[in-house]
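Undergrad: Before I ask anything, here is the structure I am working with.
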Amino acid sequence: MSSREKIVRLLRAHPGEYLSGQEISTSLKISRAAVWKHVEHLRAAGFEIAARRAQGYCLRSLPDLLLADDIMRDLATKVVGREIDCLKQLSSTNLIAREAAAAGAPEGLVVLADSQSAGRGRLGRNWTSPEGVNLYASVLLRPQLSPLDAPQLTFLSAVATAEVLDEVCGLNARVKWPNDVLVNGRKIAGLLNELGAETEQIHFLVLGIGLNVNMSADQFPADLRYPATSVMLETGTTQARLPLVRALLRRIDELYHDLLAEGFGPLRRRWEARFDLLDRQVEVDQGQQIITGVVAGLDTDGALRLFLPDGRSERILAGDLRPVGR
Ligand code: BTN
């Protein structure tokens, strides 16, 4: 632990109290000048630290940091978050979680980053990941399911994210097949699940969740393919990320155990309750072709079932879905 982290820990252990520079310097075995320098750095990083002559320092507020200790405290999940890695900057939380999975990391590991330099989206796209404003999270699971059922876990992250947005932020989040979460028709979260499996056995599944929390309009790339939004843009106020990430991990844990115990049915119904395109005329853009039809629902493996204009029913495994008309 760095001296700066130790100072924060000391001040946090004495809420509302002033700790003298001498006490801190004795406890950390550094000079009082060094304590003062660290306090200045912490202030620059967003910590509000009051200083009084002859009394010392008092921590007034913390920046919106994600620290593993804070996330894990009384989290009370069965599996998700039993190990948490929070990093300031990395390439992609999914990539790091996959590497950890291949090296034998336990089920329930969560990798979080304050920013990503190579955030990955679906279909090889980028995921814009500015520092300190959003959630970039990957959850490692090792479900005893057939690899054919792995797509069910995408619906799990969508339901968890949408339900938590409603409960913590007071939004009315909707889902879009296969893996978007929308608020007022704009994408607020994207989900990218990555699978490590053999024909008959899942070795690991990484649930990647990118949730736009305090992103401002000018932080979105100008050439986005879809309208996008954030919690702050929808509610008009900034949202602390800590309660959001804790609620999200708890909900993923709960839905995961329900899925393993009860199968896909209950999860599918929760997802369908937030899906506005059932029975609607849609187009699915698959790059090389566009398929048109009426949405009949989800299959047990998460494929979208469409009624085609000629009366046949078709299973859709991938593509960008959009409503037609109305
Ligand atoms: C999409 O294209 O909609 C999926 C975006 C998924 C982004 C998240 S951010 C956390 C995790 N790490 C990544 O590199 N991607 C996912």
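Read-outs: derived from the displayed coordinates by stated rules, not from any lab. For clarity, every value in this text was computed on a predicted model and none was experimentally measured. Here the Cβ is made from the backbone with ideal geometry for all residues, glycine too, and neighbour counts use every protein chain on show.
Undergrad: How much net charge surrounds residue 5 when only other residues with a Cβ under 13 Å from its Cβ are counted (Lys, Arg +1; Asp, Glu -1)?
TA: So the environment of residue 5 carries a net charge of +3.
Undergrad: Under the classification rounded if a/c is under 1.5, otherwise prolate if a/b is larger than b/c and oblate if not, where does region 6-99 fall, given a ≥ b ≥ c as square roots of the Cα gyration tensor eigenvalues?
TA: Judged from the Cα gyration tensor, region 6-99 comes out prolate (a/c at least 1.5, a/b above b/c).
Undergrad: Let me ask something additional. Label points 7 Å out from Cα along the Cβ direction at residue 317 and residue 299: separation in nm?
TA: Distance between the two pseudo-spin positions: 0.9 nm.
Undergrad: To the nearest 0.05, how large is the calculated FRET efficiency for residue 32 and residue 254 if R₀ is 51 Å and r is the Cβ-Cβ distance?
TA: 0.55
Undergrad: Take a quick pass over the chain and tell me how many lysine pairs come in under 20 angstrom between Cα atoms, counting only ones 8 or more apart or on separate chains.
TA: Value for the chain: 5.
Undergrad: Applying the Karplus parametrisation 6.51 cos²θ - 1.76 cosθ + 1.60 with θ = phi - 60° to the phi angles of region 170-180, what ³J(HN,Hα) value in whole Hz is obtained for each residue in order, glycine and proline being reported as x?
TA: x, 9, 10, 7, 10, 10, 10, 5, x, 8, 10
Undergrad: While we're looking at this one, here's another question. Measure off 7 Å from each Cα along the Cα-to-Cβ vector at residue 222 and residue 273, then give the distance between these two points in nanometres to one decimal.
TA: 4.3
Undergrad: Now, a different point. Could you tell me which of 212, 49, 177 has its Cα farthest along the dipole of the chain towards the positive end, charges placed at Cβ (Lys, Arg +1; Asp, Glu -1), taken about the Cα centre?
TA: Of the options given, the answer is 49.
Undergrad: Now for a separate question. Let me make sure I get this right: for region 281-323, a, b and c are the square roots of the gyration tensor eigenvalues over alpha carbons, sorted descending. Under 1.5 in a/c it's rounded, otherwise prolate if a/b > b/c, else oblate. Which is it?
TA: Here region 281-323 falls in the oblate category.
Undergrad: Length gain on complete extension for the stretch residue 68 to residue 149, per 0.36 nm per residue less the alpha carbon to alpha carbon distance?
TA: Fully extending the segment from residue 68 to residue 149 adds 26.1 nm.
Undergrad: Starting from the Cα gyration tensor of region 68-272, take the square roots of the eigenvalues, sort them a ≥ b ≥ c, and report rounded, prolate or oblate (rounded when a/c is under 1.5, otherwise prolate if a/b is larger than b/c, else oblate).
TA: rounded
Undergrad: What is the mean projected area of the alpha carbon convex hull for region 3-61, to one decimal in square nanometres?
TA: Over all viewing directions, region 3-61 projects a mean Cα-hull area of 3.4 nm².
Undergrad: If neighbour count is taken as other Cβ atoms inside 10 Å, put 8, 111 in order from fewest to most.
TA: In increasing order of surrounding Cβ atoms, one gets 8, 111.
Undergrad: Using 1/(1 + (r/R0)^6) with R0 = 45 angstrom and r between the beta carbons of residue 51 and residue 289, what's the FRET efficiency to the nearest 0.05?
TA: Efficiency at R0 = 45 Å is approximately 0.10.
Undergrad: Right, here's the next one. What residues qualify as long-range amide H neighbours of residue 202, i.e. H under 5 Å apart, gap of 5 or more or another chain, H built at 1.01 Å from N?
TA: Residues meeting the amide H criterion: 145.
Undergrad: Relative contact order for the chain using alpha-carbon pairs under 8 Å, separation at least 6, rounded to a whole percent?
TA: 13
Undergrad: Something else: Hey, what do the phi angles of region 88-99 turn into as Karplus ³J(HN,Hα) couplings, whole Hz, using 6.51/-1.76/1.60 and θ = phi - 60°, x for Gly and Pro?
TA: 6, 9, 8, 5, 8, 4, 5, 5, 5, 5, 5, 5
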